[in-house]
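Heads up: the structure comes next, in structure tokens.
The values are calculated or read from the model by the stated rules, or taken from the named source; none is laboratory data. Remember, it's a predicted structure, so these values are computed and weren't measured experimentally. Cβ coordinates were reconstructed from backbone atoms using ideal geometry, including for glycine residues, and neighbour counts include every protein chain displayed.
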């Protein structure tokens, strides 16, 4: 691929590190996340035009706290330290850091020195987002204070001649009013060309696929989602009919989704090989109630079905899948071991023993970049901006055993919920909406008859990053309309409830 100018981000464990990388890319500059103690020689091999040091949960004065290679400050490129990044910069360059008398979390009023190029063109007072328990108490030699708040006298520091800057707040979050402009000013100080664009990424991805596959065939594992669809279209553009899309229909998709996948690709001139494997998946799931076991069995069955289908194309040596940059980042995470909340099933994540060489044209892209690339490829907005759907499908939205009958119930209830959301013009306002079939029955009355039928829970959330989420406040009339339709139109459901749990403590999906 073309060598893009790159801003390297050293990740000290902040929950916002990927958000920093996305914000830089929104400004048309490539960003790459590396572990905090990456040797300066390895950083230099990326030819960075600038460095950003992320925040993190540790204190710089604690034993074992992560520190960057001090050589980064001698690379001759601008450096921006954020929160912990500011503190570790101050400490390494001769300043002092101590615990703050008052920890600061949330919005704060910042006063800035507009002669500092980081704040060029910005108002003298602005709202920023703080999240820190420590603070810089003594500036390193060469630095001056360029912003302060009531509780943070060194809220921003700068050594303009060397283009070294430190901020005690988070410019990457939307709660900071002019955060994107501050990052934009930093990139200007880096001399960025702004060459990270969807059109350029498309050309490079196509060229890379063409160079790797050459005169061979490439199989694409289609799930029907945005990532695999964009991957398939890039492969088609690169090698034409040598692209072999395989769509394993598990029977666990939304109502009519399998047919929609086929229609979508027919419109793009791609002959998709559809495998109707619903019976096999239902047989594998018979009697299974544990969500982790459901995931394991679905993953195993998918691989077996895919293996059998792939054998029909002996000339195919390559497998294209929609691996995204967050997957790559997680494999080199700087964070220590953390508890697995739930196993993530990616139907594209096929094991190496299948014997294919991998083609991963999206492996350096975030989801929002894949969406923009999808628009560049001509995919409709309503598809490109569709809400997330779990790899195991409705199996993890059915609590308890998964049967064809229970899937059919949930498909109908889900279709009504999503239809009403779209008709109300709320689809893009809500980050994710879903219906869940519960493993309980309730007594009801339909006409003059007593019923004892299933209960469905509705859930809708808003979120910036899916790490935290808040439940969506529908008005009462909307919920009343959806509940009435489900109970009247879906035979077998007689009660509808709405989930008002935020994340945390609840996850977005129920399983």
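Among the residues of region 382-395, not a single one is buried (at least 20 other Cβ atoms within 10 Å of the Cβ) and in contact with a strand residue (DSSP E or B) (Cβ under 6 Å, 6 or more places away or on another chain).
So that you can scan it fast, the table gives a plain yes or no per residue for (1) in contact with a helix residue (DSSP H, G or I) (Cβ under 6 Å, 6 or more places away or on another chain); (2) farther than 30 Å from residue 383 by Cα; (3) touching a residue at least 12 places away in the same chain (Cβ under 8 Å); (4) in a helix (DSSP H, G or I):
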position	(1), (2), (3), (4)
165	yes, yes, yes, no
172	yes, no, yes, no
177	no, yes, yes, no
183	yes, yes, yes, yes
200	no, no, yes, yes
203	no, no, no, yes
208	no, no, yes, yes
218	yes, no, yes, no
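For (1) modelled with pLDDT under 95; (2) crowded, with 18+ Cβ neighbours inside 10 Å, each residue gets a yes or a no:
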| position | (1), (2) |
| --- | --- |
| 4 | yes, yes |
| 7 | no, yes |
| 10 | no, yes |
| 24 | no, yes |
| 48 | no, yes |
| 61 | yes, no |
| 65 | yes, no |
| 73 | no, yes |
| 83 | yes, yes |
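Quick check on region 498-511. Is at least one of its residues part of a helix (DSSP H, G or I) and within 20 Å of residue 399 (Cβ to Cβ)? No: region 498-511 contains no residue that is part of a helix (DSSP H, G or I) and within 20 Å of residue 399 (Cβ to Cβ).
Would you say residue 182 is assigned by TED's automatic domain parsing to the domain that holds residue 243, surrounded by 19 or more Cβ atoms within 10 Å (Cβ to Cβ) and modelled with pLDDT of 95 or more?
Here the answer is no, as residue 182 does not meet what is asked.
Of the residues making up region 233-255, those that are farther than 30 Å from residue 403 by Cα, touching a helix residue (DSSP H, G or I) at 6+ places or on another chain (Cβ under 7 Å) and not in a strand (DSSP E or B) number 6. For the structure I just gave you, tell me whether residue 297 is in a helix (DSSP H, G or I), more than 23 Å from the chain's Cα centre (by Cα) and modelled with pLDDT under 90. In short, no.
I want to confirm something. Restricting to region 224-235 and keeping residues that are within 15 Å of residue 319 (Cβ to Cβ) and surrounded by fewer than 24 Cβ atoms within 10 Å (Cβ to Cβ), which single residue is farthest from the chain's Cα centre (by Cα)? Filtering region 224-235 for residues that are within 15 Å of residue 319 (Cβ to Cβ) and surrounded by fewer than 24 Cβ atoms within 10 Å (Cβ to Cβ), the one farthest from the chain's Cα centre (by Cα) comes out as 228. Within region 253-270, restricting attention to residues that are touching a residue at least 24 places away in the same chain (Cβ under 8 Å) and in contact with a strand residue (DSSP E or B) (Cβ under 9 Å, 6 or more places away or on another chain), the residue that is nearest to residue 411 (Cα to Cα) is 257. Among the candidates 288, 230, 226, 261, the residue that is at pLDDT 95 or above and over 18 Å from residue 395 (Cα atoms) is uniquely 230. Of the residues making up region 464-490, those that are surrounded by 12 or more Cβ atoms within 10 Å (Cβ to Cβ) and part of a loop (DSSP other than H, G, I, E, B) are 464, 465, 466, 467, 468, 472, 474, 490.
Being in contact (Cβ under 8 Å) with a residue 12 or more places away in the chain and either out of contact with any strand residue (DSSP E or B) (no Cβ under 9 Å at 6 or more places or on another chain) or more than 24 Å from residue 159 (Cα to Cα) (or both): is that true of residue 97 here? Against the criterion (in contact (Cβ under 8 Å) with a residue 12 or more places away in the chain and either out of contact with any strand residue (DSSP E or B) (no Cβ under 9 Å at 6 or more places or on another chain) or more than 24 Å from residue 159 (Cα to Cα) (or both)), residue 97 does not qualify. Where strands (runs of 3 or more DSSP E) fall wholly inside region 13-131, the ranges with 3 or more residues that are in the same structural domain as residue 168 (by TED's automatic domain parsing) and within 30 Å of residue 199 (Cβ to Cβ) are 30-34, 48-53.
Taking every residue in region 34-48 that is touching a residue at least 12 places away in the same chain (Cβ under 8 Å) and pairing it with any residue that is assigned to a loop (DSSP other than H, G, I, E, B) and surrounded by 14 or more Cβ atoms within 10 Å (Cβ to Cβ), at least 6 positions away or on another chain, the pairs with Cβ-Cβ distances below 6 Å are 35/334; 36/12; 36/66; 36/68; 36/334; 39/69; 40/69; 48/77. Is it the case that region 268-289 has a residue that's buried (at least 20 other Cβ atoms within 10 Å of the Cβ) and under 25 Å from the mean Cα position of the chain (by Cα)? Scanning region 268-289 turns up no residue that is buried (at least 20 other Cβ atoms within 10 Å of the Cβ) and under 25 Å from the mean Cα position of the chain (by Cα).
With respect to the conditions (1) surrounded by 15 or more Cβ atoms within 10 Å (Cβ to Cβ); (2) in contact (Cβ under 8 Å) with a residue 40 or more places away in the chain; (3) out of contact with any strand residue (DSSP E or B) (no Cβ under 8 Å at 6 or more places or on another chain), residue 141 falls short on a single one, namely (1).
From the list 432, 423, 411, the one residue that fits, being surrounded by fewer than 18 Cβ atoms within 10 Å (Cβ to Cβ), over 25 Å from the mean Cα position of the chain (by Cα) and not assigned by TED's automatic domain parsing to the domain that holds residue 281, is 423.
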